[in-house]
């Protein structure tokens, strides 16, 4: 049986992060990373995945946002991994495509215990607000490797970095929601993941 709530804390010289996830299909949220656009994306993750999410971050934003964004991905990935345990009893695979105005992005994932990231989403603008758009890939890499997920994120087309990133986060949230749907069996010919 999958546990329904996980909480992971991680403190380094660069960041102090607490992530709490409740797998309750409510998608409530309390998020504060100090980066407005990133908070907006993590809120979209909570709402669209149905995973109630609390994320509290104190990061060295006086340097830049890199440590805050990457380390949040690490801790969120660890929280997902703690929830998934041995990864049995779930559908395992998820796939979803999201249109966001002129942008169309898709996510395909396998909760396989074999972490990997394919990220094909060029960003037309370097910044969205104070958020460095290059950190989108860093966030998803940290999350995938710490959660044990094979994750493919692809932009089919798009011109606005805000729309592109939001479509990626929402596609990921919906694909994850599909993949963590509980089943009565282990979906593997090996008998283990």
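Please treat every number below as a calculation from the coordinates, not as lab data. Owing to the predicted nature of the structure, the values given are computational and were not obtained by experimental measurement.
Quick rundown of the values:
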{"item": "Cα gyration tensor category, rounded, prolate or oblate, for segment 40-87 with a/c compared to 1.5", "result": "oblate"}
{"item": "Percentage relative contact order, the chain, counting C-alpha pairs under 8 Å, at least six apart", "result": "26"}
{"item": "Prolate/oblate/rounded label for the chain (Cα gyration tensor, a/c 1.5)", "result": "oblate"}
{"item": "Span from the segment 107-148 Cα centroid across to the segment 17-32 one, whole angstrom", "result": "20"}
{"item": "Segment 1-61, relative contact order [Cα under 8 Å, separation at least 6], %", "result": "39"}
{"item": "Residue among 39, 132, 64 with the largest mean-square fluctuation in a Gaussian network model of the chain, springs linking Cα atoms under 10 Å", "result": "64"}
{"item": "Residue of 94, 50, 85 that the Gaussian network model of the chain assigns the largest fluctuation, springs spanning Cα pairs under 10 Å", "result": "85"}
{"item": "Structure-based [θ]222 nm, the chain - -39500 (n - 2.57) summed over DSSP H runs of at least 4, per residue, nearest 500", "result": "-11000 deg cm²/dmol"}
{"item": "GNM top mover of 167, 147, 65 - the chain, alpha-carbon springs below 10 Å", "result": "65"}
